[in-house]
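The structure appears below as structure tokens.
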Amino acid sequence: MSLCFELGKEVNRQFMNKYSNRKHLLLAALCLLVILSSIGGYFIYKHIENSNRLKMEASGKHLKGYNSRSIYVYDLTDGKVVKNLNGRERLPMASLTKLMTCRKALQIMDEKKLRLREKASITKKAYNLTVEQKEIMVGYKVGEKTSFADLFYAMIMQSDGACSNAIADILRGTITGFIGDMNREAHAMGLKNTHYESVEGVDKKKQYTTGEDVTKLLVSSLKDKDYYKIFTDRDFKSSTTSEHPDGLSFSNAVICKFEEYKNKDFKILGGKFGYTPEAGKSLAVLVEKNKKKYIVVTLGHKSTPESYAHVEDVIKIMKAAGNK
């Protein structure tokens with residue numbers, strides 16, 4: 001195409017010098033036609049190429065008619081799968097990792113005969129790691145004499161990374177050791193498409209799960225009364241400490257977000273959000289409709305941090321669920 005431009009310039013120069021020569025005029029017109037055809041062909045090619053690329057990206061990111069890449073719906077009351085849309089694809093899980101962190105931590109506490117009301121603190125190791133990874137923290141200080149309950153509720157309700165790491169550090173002695181416990185538990189549960197590399201869900205290349213596996217994890221874990229309560233309580237007020245004499249108050253982020261939609265077709269009983277730039281947005285939620293309970297898991301909603309279109313996926317699905 002650059003050769004045609006150069007030829008066009010040369011012809012134009014000759015034409016200006018010999019404007020009365022019809023042969024030069026014809027040559028200029030022909031060259032101009034070649035140039036325009038080349039430019040037009042180039043832009044048509046780029047348009048087709050770009051359209052194909054966008055189609056491929058869309059098919060890889062979102063399910064048709066939805067905003068998420070994977071959606072899995074399970075009827076907990078009747079014990080059956082309601083919807084499986086790409087539910088077995090391995091995808092990053094973000095903070096849904098904490099669902100296993102919670103399960104394994106409660107198991108270890110039971111083995112050690114520890115109770116949620118007993119004192120526990122953010123460790124320096126956990127705090128430093130959380131700061132380094134730029135994770136969410138609700139405000140507990142290193143060494144602050146709070147409780148295990150405070151750490152668990154902040155981890156699930158507000159996705160506090162320091163609390164997740166502190167729980168692992170306290171109960172196992174090392175965070176990496178606790179991650180090993182999580183993977184052994186996943187294997188024992190038959191979660192064949194799940195692997196953990198952190199306790200809080202920061203982006204890791206070898207950390208993945210599926211909608212189906214997250215559902216299996218919740219089906220089993222919600223049978224534990226402490227787990228169920230932590231997952232479903234809407235509001236929580238922490239212990240009073242010297243650093244926080246009035247305690248800290250926070251709510252379940254998932255329940256509060258769904259309340260903004262003022263939906264009356266079903267009730268959100270509890271849930272957990274997840275988000276990282278690599279994983280996109282994920283969601284695991286316990287829903288009640290027509291006296292039946294459902295677990296809905298979405299993974300891979302790629303959008304801006306402000307978008308909650310995966311919440312709209314759940315609303316769309318649950319409005320139709322159970323209708324005849």
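The values are calculated or read from the model by the stated rules, or taken from the named source; none is laboratory data. This is a predicted model, so every value here is computed, not measured. Here Cβ is always computed from backbone atoms with ideal geometry, including for glycine, and neighbour counts include all displayed protein chains. For accessibility, only protein heavy atoms count, side chains too; no ligands or nucleic acids. Shrake-Rupley method; radii C 1.70, N 1.55, O 1.52, S 1.80 Å.
Heavy-atom surface analysis with a 1.4 Å probe gives segment 119-206 a carbon and sulfur content of 52 percent of its accessible area. The string of couplings for segment 209-218 from the Karplus curve (6.51, -1.76, 1.60, θ = phi - 60°) is 7, 9, x, 5, 5, 4, 5, 4, 4, 6 Hz, one whole number per residue in order, with x for Gly and Pro. Set against the 2.2 N^0.38 Å expectation for a compact globular protein, segment 118-273 has a Cα radius of gyration ratio of 1.07. Sorting the segments 211-219, 233-241, 159-167 by their residues' average number of neighbouring beta-carbon atoms within 10 angstrom, most packed first, yields 159-167, 211-219, 233-241. Volume per residue of the convex hull around the Cα atoms, evaluated for segment 271-324, comes out as 68 Å³. Here the simple spin-label model places points 7 Å from the Cα toward Cβ, and for Glu243 and Asp226 these points are separated by 2.2 nm. What is the spin-label model distance, in nm, from Ser307 to Glu118 if the labels are put 7 Å beyond Cα along the C-beta direction? Spacing of the two 7 Å Cα→Cβ label points: 4.5 nm.
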